[in-house]
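Quick one: structure below, then a few questions.
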Amino acid sequence: CTSKGNEAQAKKSRSSRSSQAGLLFPVSRIDRQLRRGLFAERFAARAPVYLAAVLQWVTHKIMDAAAVVCKKSKQKHISPSHLQTALRKCSGLQELLRGAAVARPRSRAVPRGKRVATPSKKKTAK
């Protein structure tokens, strides 16, 4: 009888590590990626929880800044150009992401204020 009670209690108390930590980002997935990445031989059990919390915080800050830019441009959807503008305007995020590929615009998404007509590639006959 006691084993059935323990099983029922174990099933009730099952919850993800993300929900236990109060996070939206997946702690288990980050744990798996840390193990597969061979960044270190060993790491603490709290390391993926902390990393998930940091990633969630950075994402929240970037999205908040992009939402402000989006509202100023009177649009309803956040576009990649809004994200780039938000990163460029926020010095704290710039400092955090310095040297990261995210901070350097590599795509065609250019903020609306910086768009310039490109010259045509057609060669003119002499």
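What follows draws every value from the coordinates through simple rules; no lab data is involved. All of these numbers come straight from a predicted model, not from anything done at the bench. Glycine also receives a Cβ, built like all others from the backbone with ideal geometry; neighbour counts cover every protein chain displayed.
Using 1/(1 + (r/R0)^6) with R0 = 41 angstrom and r between the beta carbons of Val54 and Lys74, what's the FRET efficiency to the nearest 0.05?
The pair Val54/Lys74 has a calculated efficiency of 0.80.
Please tell me the relative contact order of the range 17-97 in percent, rounded to the nearest whole number, where contacts are Cα pairs under 8 Å and at least six residues apart.
Value for the range 17-97: 23 percent.
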